[in-house]
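Step one of this worksheet: look at the structure below.
What follows is calculated from the coordinates using simple rules that are stated; it is not laboratory data. Owing to the predicted nature of the structure, the values given are computational and were not obtained by experimental measurement. Note: ideal-geometry Cβ built from the backbone for every residue, glycine included; neighbour counts use all protein chains shown.
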Amino acid sequence: MDLAIKLSPATEDQKTLLAKVEKEAGTSVNLCYQCGKCTAGCPAAFAMDYPPRQVIRLLQLGMIEQALQAESIWICASCETCSARCPRGVDIASLMDTMRRQALKQGKADKRVAAFNKAFLSNVKNFGKTYEAGLLLRYNLTTGQLFKDMELGLPMMIRGKVGVLPERIKAREEMKKIFERAEKLGGDE
Ligand code: SF4
Ligand code: SF4
């Protein structure tokens with residue numbers, strides 16, 4: 001990704017979107033004084049296009065569109081190390097989570113990421129846990145790569161490492177209620 005930052009004043013739409021993200025995440029990016037402790041402790045920063053400190057800087061500069069399109073928000077492992085280390089109490093992990101939801105809602109997430117997210121959530125909603133074979137099949141079908149992972153998947157199935165049929169948890173009704181509550185709060189499957 002191009003790391004060059006072109007500065008221009010944030011538009012009203014960008015400001016509104018940032019305020020929404022901050023409210024949902026329960027934190028404020030203006031608290032950040034760019035010390036970099038979040039990036040220094042992040043186990044995934046090496047793989048990110050914008051490490052956590054830079055993601056916060058993008059938001060401070062009103063460049064929320066760029067932040068929503070960053071690969072970083074999908075590479076983040078939600079370990080919360082950054083939030084725990086921040087001397088200013090910025091909840092970066094919560095911001096990352098909120099930005100993932102926004103990116104999906106606005107169709108800014110990479111198509112493969114969105115397809116995997118949908119397949120994974122549908123899995124959990126239906127079975128109460130992940131069903132790896134079904135997850136991969138659905139993901140591969142929607143991304144037009146049916147035979148991807150066959151070489152690895154078949155031997156794993158034969159050895160019983162991956163179940164052929166889904167297992168279901170007992171409390172599936174409870175799981176459905178959790179999804180219904182999340183949908184009411186503005187989330188989607
Ligand atoms: S640790 Fe906190 S204050 Fe320091 S750069 Fe990260 S978000 Fe900003
Ligand atoms: S929550 Fe995400 S951004 Fe924060 S330290 Fe963990 S992986 Fe890095």
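How long are the semi-axes of the equivalent ellipsoid of the chain, taking √(5λ) for every eigenvalue λ of the Cα gyration tensor, in whole Å from largest down?
Working: eigenvalues 230, 73, 55 Å².
In descending order, the three semi-axes are 34, 19, 17 Å.
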- Relative to the longest principal Cα axis of the chain, at what angle does helix 92-105 sit, 0 to 90 degrees, rounded to 10? 70
- Item | Cysteines having no other Cys beta carbon under 4.7 Å from their own, within the chain | C32, C35, C42, C76, C79, C86
- Would you mind checking K105/K148; K37/K105; K105/K176; K15/K125 for any pair whose Cα atoms are more than 24 angstrom apart? K105/K148; K37/K105; K15/K125
- In deg cm²/dmol, rounded to the nearest 500, the helical mean residue ellipticity at 222 nm of the chain, built from -39500 (n - 2.57) for every DSSP H run of length 4 or more, is -16000 deg cm²/dmol
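Need the full-extension length gain, Q60 to K148, defined as separation in residues times 0.36 nm minus the C-alpha distance. One decimal, nm. Mind showing how you got there, number by number?
Values: separation 88, 0.36 × 88 = 31.68 nm, distance 4.05 nm.
Working it through step by step, the gained length comes to 27.6 nm.
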- Note on the structure: Sorting L104, F46, S83 by the position of each Cα along the dipole of region 12-105 (Lys, Arg +1; Asp, Glu -1; all at Cβ), the one nearest the positive end of that ordering is S83
- Between L121 and L165, what FRET efficiency comes out of the Förster formula 1/(1 + (r/R0)^6) with R0 = 25 Å and r the beta carbon distance, rounded to 0.05? 0.80
- Note on the structure: Length gained if M157 through S78 is fully extended, taking 0.36 nm per residue and subtracting the Cα-Cα distance, is 25.5 nm
- Picking from V90, V124, V29, which is most flexible by a Gaussian network model of the chain using Cα springs under 10 Å? V124
- Note on the structure: Rounded to 0.05, the calculated FRET efficiency for the beta carbons of A47 and L141 at R₀ = 35 Å is 0.80
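Quote to one decimal, in nm, the extra length available between K111 and R172 on full extension: 0.36 nm per residue of separation minus the C-alpha distance between them. Provide the component values of the computation, followed by the final result.
Values: separation 61, 0.36 × 61 = 21.96 nm, distance 2.87 nm.
This chain segment gains 19.1 nm when fully extended.
Compute the Cα gyration tensor for region 102-189, then decide on rounded, prolate or oblate, letting a ≥ b ≥ c be the square roots of its eigenvalues: rounded whenever a/c is under 1.5, prolate when a/b is larger than b/c in the other cases, and oblate in all that remain. Provide the component values of the computation, followed by the final result.
Numbers: a/c = 3.89, a/b = 1.27, b/c = 3.07.
Oblate is the answer for region 102-189, as a/c is 1.5 or above yet b/c matches or exceeds a/b.
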